[in-house]
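The values are calculated or read from the model by the stated rules, or taken from the named source; none is laboratory data. This structure is a prediction, so every number in the text was calculated from the model and none was measured. Cβ atoms come from the backbone with ideal geometry, glycine included; neighbour counts cover every protein chain shown. The area values use the complete protein model at the heavy-atom level, side chains included, leaving out ligands, DNA and RNA. Shrake-Rupley method; radii C 1.70, N 1.55, O 1.52, S 1.80 Å.
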Amino acid sequence: MVKFVIQKENMECIPCIADIPDNCTKIILLIHGLSSSKESENASYMMKYFAEKGIGVVAYDQPGHGTEEAANESLLLKNCLGSLAAVERYLVENYPDVEICYFGSSFGGYVLGIYLARKLNSGRKAFMRCAAVIFPQMIVGDVHAEPDPETIKFLNMQGYIDAMVDGQNVRFLKEFLEELKANSMIDIYNEELPDHVELSFVHGETDSVVPVHTTKAFAEKHGYPIVIVPDEGHSISDAPSSPAIVADIAYEFFMGGVRR
C-alpha cells in the first residue's frame, strides 16, 4: 500500500492511498461518504479484498474530510467533482492500459452519480453502495419549492447551517446547499441517463439514513440491478459476513456478471 498526494487545478491537494498489484487490468476508485475518509472500515476492507484478487484500488479524501490536506478545502459539489476528476486523471496518465471502475458509498454515490451524468468519466462500471440518490432532498427538502425566507435570511447572514446527518454534526455552506438544490440526481436521471455506463446497486434493508425504498425505486425505474441485503443498515456491516457479501457482489459486477 502506498500513500501519495495529487494537486488539483485549483492548487488544493488530495491525499490518496492505493494498493495496485503489478500487471492488474482494473483499478477501482473508491468514493467515500459524508463524514468518512479514505481510511474508513469500508475502504480498508475493499482495498484488501480486491488487491487479493489482483485488482487495484485507490481511495482518497473528499473535500472537507479526513485529517490531511483535503480537510482544508470547502465541502462543495464542484470541489468533490474536481477531486474525483483529478484522481481519475492521475490514473489515466499513470495506468493508461488499465480499466477504471468506480465504487461510491452513500454521499459518495451521489457525487459519482452526478459525475457520470456530466460525462466526466472514462470508466464504464459504477457500483453504488447505499447510494444517497436523494441526497439533495435529504438536506434541503423539496428542491422545487421556494426557499423559506427566514432560512435565506439566516444563510445570508451566517453563510452556513449545521445539521445532524447519520448522528454526526456537519456544516453545510450556503453555496453547497444551492448546488444541491440545482443538482437533484432524481431529476437529472429522469431527463437523461449517462451514456455507455453500467450501474449496479446494493443497499441495506433497514437503512435509516437513506431509506431503501428510495434507491430501489430509482434503480428499478432506470433498469439498474439492485441487491438488498436483509437485516442490514446504512453501513451494511452489522453482521461480520456482510462486508464480504457487498464485496462479492461488486466483484461479480466489475468482472462482468450481474446479481439481482
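If the condition is being over 19 Å from Cys130 (Cα atoms), in contact (Cβ under 8 Å) with a residue 12 or more places away in the chain and of a type in the set (Asp, Glu), then region 33-85 contributes Glu68, Glu69, Glu73. If you check Val210 against the conditions, is it open to solvent by less than 10 Å² (accessible area, probe 1.4 Å) and either more than 16 Å from the chain's Cα centre (by Cα) or under 24 Å from Ala247 (Cβ atoms) (or both)? So Val210 fits the description; yes.
Residues in region 213-229 that are surrounded by fewer than 21 Cβ atoms within 10 Å (Cβ to Cβ) and in contact with a Gly (Cβ under 9 Å, 6 or more places away or on another chain): Ile228 alone. A Cβ distance below 6 Å, combined with a sequence gap of six or more or placement on separate chains, defines the contacts here; from region 162-184, residues that are free of Cβ contacts under 8 Å to residues at least 12 places away in the same chain reach residues that are surrounded by fewer than 13 Cβ atoms within 10 Å (Cβ to Cβ) and not charged (D, E, K, R) in the pairs Asp162/Asn169.
Among the candidates Tyr251, Tyr189, single out the residue that is in contact (Cβ under 8 Å) with a residue 40 or more places away in the chain, open to solvent by 20 Å² or more (accessible area, probe 1.4 Å), under 24 Å from Asn121 (Cβ atoms) and part of a helix (DSSP H, G or I).
The conditions single out Tyr251.
Of note, Lys125 does not satisfy the criterion of being open to solvent by 10 Å² or more (accessible area, probe 1.4 Å), basic (Lys, Arg), farther than 26 Å from Asp238 by Cα and out of contact with any Cys (no Cβ under 7 Å at 6 or more places or on another chain). Output the residues belonging to region 45-80 that are open to solvent by 10 Å² or more (accessible area, probe 1.4 Å) and assigned to a helix (DSSP H, G or I). Matches in region 45-80: Tyr45, Lys48, Tyr49, Ala51, Glu52, Glu69, Ala71, Asn72, Lys78, Asn79.
Say whether the condition of being in contact with a strand residue (DSSP E or B) (Cβ under 6 Å, 6 or more places away or on another chain) and surrounded by 13 or more Cβ atoms within 10 Å (Cβ to Cβ) is met by at least one residue in region 138-150.
No, every residue in region 138-150 fails to be in contact with a strand residue (DSSP E or B) (Cβ under 6 Å, 6 or more places away or on another chain) and surrounded by 13 or more Cβ atoms within 10 Å (Cβ to Cβ).
The set of residues from region 212-227 being under 22 Å from Gln137 (Cα atoms) and not in a loop (DSSP other than H, G, I, E, B) comprises Val212, His213, Thr214, Thr215, Lys216, Ala217, Phe218, Ala219, Glu220, Lys221, His222, Ile226.
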